[in-house]
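The values are calculated or read from the model by the stated rules, or taken from the named source; none is laboratory data. Source: prediction; values computed, not measured. All Cβ positions, glycine included, derive from the backbone under ideal geometry; neighbour counts span all protein chains shown. Calculation scope for accessible area: heavy atoms of the full protein, side chains included, ligands and nucleic acids excluded. Shrake-Rupley method; radii C 1.70, N 1.55, O 1.52, S 1.80 Å.
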Amino acid sequence: MFQFIFRRLSLVIPTFIGITLLTFTLIRLIPGDPIEVMAGERGVSAERHAELSAQLGFDQPLYIQYFNYVSGVLQGDLGNSLVTREPVLSEFLALFPATIELTFCAAIFAILVGLPAGIIAAVKRGTLFDHSVMTFSLTGYSMPVFWWALLLMLIFSVNLGWTPVSGRIDVVYWIDNVTGFMLIDSILSGEEGAFSSAASHLILPSIVLGTIPMAVIARMTRSSMLEVLSEDYIRTARAKGIAPWRVIVIHALRNALIPVITVIGLQVGILLSGAILTETVFAWPGIGKWLIESIGRRDYPVVQGGILIVATIIIVVNLLVDIAYGIVNPRIRHSR
Amino acid sequence: MTTETLQAPVPRTPLQEFWHYFSSNKGAVAGLAFIIFICFMAIFADVVAPHSPSDQARDALLLPPAWLEGGNWVYILGTDDVGRDILSRLIHGARLSLAVGMVAVTASLLMGILMGLVAGYCKGVIDTVIMRIVDIMLAMPSLLLAIAIVAILGPSIVNAALAISIVSLPHYVRLTRAATMSEMSRDYVTSSRVIGASPLRLMFVCILPNCVAPLIVQATLGFSTAILDMAALGFLGLGAQPPTPEWGSMLADALQFVQRAWWVVTFPGLMILITVLAFNLMGDGLRDALDPKLKQ
């Protein structure tokens, strides 16, 4: 087992180096001189240019610049935002809970709907329910997230008035930032109605963000379940006279879930990039909106740092999924 | 007494066989039909569209669709905030989306085939280097990578298409490499090599034609990803710039009118959804028809 984890870990290091190379190159690929781009339309004098160049290390050879960059990254120094002058990492940490809260609720929604839908579709193969699940999941899979967000907002917020349009909580509440998670903070604040306001703000964004993962999970669960249901041991279990629901839930589901778990893990990347679009539409103050705004403001250190952190998170989650998969499925663990 | 001559069943040509399997999938045929329809619209956009996509009718701002009260049959799907005909913009947008899809898919297909063939044929260090690069690209969510590329190069349709083709590259590389490796061990490749075929001939004349099936499927699905990503970039203001009639940027322009005029938001999105769905349906059908394992 340790050998398996070690082997998997050793594959992560070159990937991480590649990502740092990528983000390092990004800022140097900007057409023109990076200092003049950062200075904007005001421009800089020749002395100030040399001073900034030395300060940012642009006067040194590239490999030394890269080495300095990586050693900074490993110490948690991702540079400062050009706009706010705050360290990129602390800005990220302040906004990250909002994104976690949203992606977590979206993942819960995707699993709670996608998994049962896939299971029932497989069990009732060829029925109207099966066809509807397959149609809906293919539609969900083809959905432009930003349009889906607008459509739901139009129907449920504007026309029916059931849910709020945007933001994390009603402006009438002033919630102290304790954990950064609005659902928890609103309970801690003890203000009446704060929690339900926070929860109602989460509903539409979670559904929107969870739609594509839900479709993927439903499709995967269905095909994996169909495969398992045609195995000999399931026929044996049925022949023994075990109750049908028990065959499905206890015997079939356990094996059918193995590939589904991997797919759920792989949705983290989809959720984080989907969050960029969802947060933009719903004015959700998370890292997706932050990244897009930074691109608009040409705040390159933020773009560079943000992409590096998000990519690292995805690598780590994929690593954990792989290890979990190895624990659940010995065949993977022992194969090369 | 008449003698009946029994005719031996004529074996189907590969194309007929393909159509037989493909047409048994109703969804795939529907997808294909819609794609043909939208290609027709895109090619003849200048003739089909009732108005110019940039003509502004100052007396008809935010006009609702024709069948609603206040609608006008001159503007079937209504007009946007500066009085441009939405239907005409959608038709011209189809041209743009399909063109971007075509460019992005072709570019990444060509680069992916080349890299995949070289990696699968050469093995060793070259293979390791190429596959490491591919792994790094796969670790990044495609939209995030595309956003990063566009952020550097500056927002425009060409840069967005470039970003999308770079982002979809890894899938083609992996597919081609896997197919190449499995073909390499076949006897016909060995015999060609013994006869004295050059590496280039082996790669492109012997091996490549036998790897095409999975690539066709991936290219079809790649079209839907390209259209979706293009629209997302357009929506974020990183793709086509106004007043270009691109579906994603049409949506972004309409954001502020969501509450007053639902049609300016609904129709562009619907177009994206149906087009992407059509490509996905056709891709699924192609996979079933081309995959010999499922062909029973």
Condition met for B:Leu175 (among the hydrophobic types (A, V, I, L, M, F, W, C), more than 14 Å from every other protein chain (Cβ to nearest Cβ), open to solvent by 40 Å² or more (accessible area, probe 1.4 Å) and within 16 Å of B:Ala219 (Cβ to Cβ)): yes
Close pairs (8 angstrom Cβ cut-off, 6 or more residues apart or separate chains): open to solvent by 40 Å² or more (accessible area, probe 1.4 Å) in the stretch A:313-336, at pLDDT below 70 anywhere: A:Tyr325/A:Ile332; A:Ile327/A:Arg333
Residue among A:Ala98, A:Ala117, A:Ala121 that alone is away from every other protein chain (no Cβ under 14 Å) and in contact with a Gly (Cβ under 9 Å, 6 or more places away or on another chain): A:Ala98
Counted residues, the stretch B:269-280 - those being of a type outside the set (Gly, Ala, Ser) and more than 7 Å from chain A (Cβ to nearest Cβ): 5
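Yes/no matrix, rows are residues, columns are (1) surrounded by fewer than 22 Cβ atoms within 10 Å (Cβ to Cβ); (2) in contact (Cβ under 8 Å) with a residue 60 or more places away in the chain:
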| residue | (1), (2) |
| --- | --- |
| B:Leu221 | yes, yes |
| B:Gln241 | yes, yes |
| B:Ser249 | no, no |
| B:Ala254 | no, yes |
| B:Gln259 | yes, no |
| B:Leu273 | yes, no |
| B:Gly283 | yes, yes |
| B:Asp288 | yes, yes |
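Name the residues in the stretch B:148-166 that are aliphatic (A, V, I, L, M), open to solvent by 30 Å² or more (accessible area, probe 1.4 Å) and more than 9 Å from chain A (Cβ to nearest Cβ), would you?
At the first step, the residues of the stretch B:148-166 found to be aliphatic (A, V, I, L, M) are B:148-153, B:157-158, B:160-164, B:166.
Okay, now just the ones that are also open to solvent by 30 Å² or more (accessible area, probe 1.4 Å), so B:153, B:157-158, B:162, B:166.
Across the stretch B:148-166, the qualifying residues are B:Ile157, B:Val158, B:Leu162, B:Ile166.
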Pair list, Cβ < 8 Å and 6+ apart or interchain, from the stretch A:129-146 residues that are more than 7 Å from chain B (Cβ to nearest Cβ) to residues that are among the charged types (D, E, K, R) and outside any helix (DSSP H, G or I): A:Asp130/A:Lys124
Exclusive hit being among the hydrophobic types (A, V, I, L, M, F, W, C) and outside any helix (DSSP H, G or I), set A:Val158, A:Val83: A:Val83
Selection status of A:Tyr233, more than 14 Å from chain B (Cβ to nearest Cβ) and in contact with a His (Cβ under 9 Å, 6 or more places away or on another chain): yes
Residue within the stretch A:159-169 that is surrounded by fewer than 21 Cβ atoms within 10 Å (Cβ to Cβ), within 30 Å of A:Arg298 (Cβ to Cβ) and within 14 Å of another protein chain (Cβ to nearest Cβ) present: yes
Filter result for B:Gly196 (within 16 Å of B:Val100 (Cβ to Cβ) and either in contact (Cβ under 8 Å) with a residue 12 or more places away in the chain or more than 12 Å from chain A (Cβ to nearest Cβ) (or both)): no
Count of residues meeting criterion [open to solvent by less than 30 Å² (accessible area, probe 1.4 Å) and not in a helix (DSSP H, G or I)] in the stretch A:236-285: 1
Tally, over the stretch B:76-113, of residues that are of a type outside the set (Val, Ile, Thr), over 21 Å from B:Phe37 (Cβ atoms) and out of contact with any helix residue (DSSP H, G or I) (no Cβ under 7 Å at 6 or more places or on another chain): 3
Positions within the stretch A:125-156 being open to solvent by 30 Å² or more (accessible area, probe 1.4 Å) and under 16 Å from A:Ala256 (Cβ atoms), in sequence order: A:Arg125
Condition broken by A:Ala122, with the remaining ones in (1) in contact (Cβ under 8 Å) with a residue 12 or more places away in the chain; (2) open to solvent by 20 Å² or more (accessible area, probe 1.4 Å); (3) farther than 14 Å from A:Ala275 by Cβ satisfied: (2)
Selection from the stretch B:224-248 of residues that are under 19 Å from B:Ile86 (Cα atoms) and touching a Pro at 6+ places or on another chain (Cβ under 6 Å): B:Ala231, B:Pro245, B:Trp247
Failed item in (1) over 15 Å from A:Ala98 (Cα atoms); (2) β-branched (Val, Ile, Thr); (3) not in a helix (DSSP H, G or I), with A:Val228 passing the rest: (3)
Residue under evaluation A:Gly76, criteria (1) small (Gly, Ala, Ser); (2) touching a residue at least 40 places away in the same chain (Cβ under 8 Å); (3) farther than 30 Å from A:His251 by Cβ; (4) open to solvent by 20 Å² or more (accessible area, probe 1.4 Å), criterion not met: (2)
